[in-house]
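The values are calculated or read from the model by the stated rules, or taken from the named source; none is laboratory data. Note that this is a predicted model, so its numbers are computed, not measured. Because the Cβ atoms are built from the backbone with ideal geometry, glycine has one as well, and the counts that use them run over all protein chains shown.
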Amino acid sequence: MSDGADLLRARGLRVTRPRLAVLEVLTRGGHLEVDDIVRRVRDRLDSVSVQGVYDVLGALSQAGLARRIEPAGRPALFEARVGDNHHHIVCRICGTIEDVDCAVGARPCLDPGSVTGFVVDEAEVTFWGLCPRCQAPGEQPN
């Protein structure tokens, strides 16, 4: 668990059991709702409050160790993939969400055109469609 502790220290955060547990849950991958993170953290710790997990997620996000994404009409999701300006694609039927790498090279998603005075360092793009499973006839979830 020293890797997580080292990451926290490198970002100026105190090392606590809840922070280590949330960081471990996030680094296992996925785009997770807070309730799912709480459930997984409680499997690792004796007890942790929902507010405690929100506080940890806020600290991790602010330190650049977690990313909060909010697809329209969905609760906030958190992931550990940070710092690479990737985007997301969401299935309109089942809600599956996947990462989409940003364009390589010129990174056109970071050029807003005629906006003046801004220095853009990140763009959030959400693509919407149907995942392969929901495209198959008779395979859509209820």
Problem - Residue among R92, R39, R19 that alone is surrounded by 13 or more Cβ atoms within 10 Å (Cβ to Cβ) and within 30 Å of L130 (Cα to Cα) - result: R39
Practice task
Would you please list the contacts, defined by Cβ atoms under 9 Å and residues six or more apart or on different chains, that run from a residue in segment 1-27 that is closer than 18 Å to R67 by Cβ and outside the structural domain of S47 (by TED's automatic domain parsing) to a residue that is exposed (fewer than 12 other Cβ atoms within 10 Å of the Cβ) and among the hydrophobic types (A, V, I, L, M, F, W, C)?
Solution key: none
Fill in the blank from the handout: Out of (1) touching a Ser or Thr at 6+ places or on another chain (Cβ under 6 Å); (2) over 30 Å from C131 (Cα atoms); (3) of a type outside the set (K, R), the one S49 does not meet is (1)
Completion exercise
The residue that is farthest from N85 (Cα to Cα), considering only those in segment 53-74 that are under 10 Å from the mean Cα position of the chain (by Cα) and among the charged types (D, E, K, R), is E70
Exercise for the section: Would you be able to tell me the number of residues in segment 116-142 that are surrounded by fewer than 10 Cβ atoms within 10 Å (Cβ to Cβ) and at pLDDT 70 or above? Expected result: 8
Exercise for the section: Keeping to segment 47-74, report how many residues are assigned to a helix (DSSP H, G or I) and not assigned by TED's automatic domain parsing to the domain that holds L13. Expected result: 0
